[in-house]
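So the structure is just underneath, and the comments pick up after that.
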Amino acid sequence: MTKSERRKALGKGLHSLLPIRSGPPADAPAQGGEPARERDVQNLPIHQVTPNPNQPRREFDAAAMLELTQSIERDGIIQPIIVRKAALGQYQIIAGERRWRAAKAAGLTNVPVIVRTADDQQALELAIVENIQREDLNPIELAIAFHRMATELGLSHDQIGQKTGKERATITNSVRLLQLPAELQTMIATRRLSPGHARALLKFDDEELQREIALRSIDEGWSVRQIEQFTRPKTSGSKAKSKRPEEPVDPNVKFALSEMERILGTKVRIIESGTGKGKIEIEYYSADDLSRIYDLIIYSPV
């Protein structure tokens, strides 16, 4: 595959590196399906195959891995691992790390592979897209994958949607989860806290308050609506601080604020400073995030 052809293949998904065949996607939970054409497959010593450091998946479900290991012990690897050449006779995995891990656990000394030519950018995109399309990443892994496609591959949320088959709003809402503190992200990744509940916490600026509400919502089974309506109870005692009652928000302003946050994928505030005057604050969390927001504002179609 020439450099020009690789550029054209970039973004077309894992099938752009695979031989044409029918059957379920590689690395499906069951190993069924037609094997790849024999001329494309070669056996490599398992120690020459190395995992991809850019693998989006961080967690491998133990029960699913045991099931796959037992399948490989019984039937071998039916769907070859997709790799590319690396330094010193090594081959880096593009797709199929679960099969490689299970093969090691099963004690295999050799694994079937298909060697494909892919540069760093193409390998990264394929690794991310292949995992996203399987829909078995946890919500934080998925958010990180979308964020990496935006920052490392320079893609807009619309472009990510075209490559992954996801709605732009889904991508934007997913990435917003990364604005939460690490402890809450762990709750989301372990599915103690749903993404919907977690996004409702973004309205609170105080991380301790976010944590408090998250724990209460888990313990008491709150709905997303209950989190959205939550206000901190008044503090009793001599150190209590009085708070000015909040003025009701104009529904049109509230809708506009919600739309800006949805499109930009970050917190937005409208601050009124006088009759018909005010300012809009847009938060960003890194130089890459600022560049992403800039592109959305400047280059989005009118």
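Points worth noting:
- The residue that is nearest to the chain's Cα centre (by Cα), among those in the stretch 139-165 that are more than 18 Å from D289 (Cα to Cα) and of a type in the set (S, T, N, Q), is T164.
- The requirement of being of a type in the set (D, E, K, R), farther than 30 Å from S156 by Cβ and modelled with pLDDT of 80 or more is satisfied by E212.
- All positions within the stretch 169-187 that are closer than 27 Å to L296 by Cα, touching a residue at least 12 places away in the same chain (Cβ under 8 Å) and either touching a strand residue (DSSP E or B) at 6+ places or on another chain (Cβ under 7 Å) or not polar (S, T, N, Q) (or both): A169, I171, V175, R176, L177, L178, L180, P181
- Considering (1) at pLDDT below 80; (2) closer than 22 Å to P181 by Cβ; (3) exposed (fewer than 14 other Cβ atoms within 10 Å of the Cβ), the lone condition that K267 does not fulfil carries the number (3).
The values are calculated or read from the model by the stated rules, or taken from the named source; none is laboratory data. Worth saying up front: this structure is predicted, and the values here are computed from it rather than measured. Quick reminder, even Gly has a Cβ in these numbers, built from the backbone with ideal geometry, and neighbours come from all protein chains shown.
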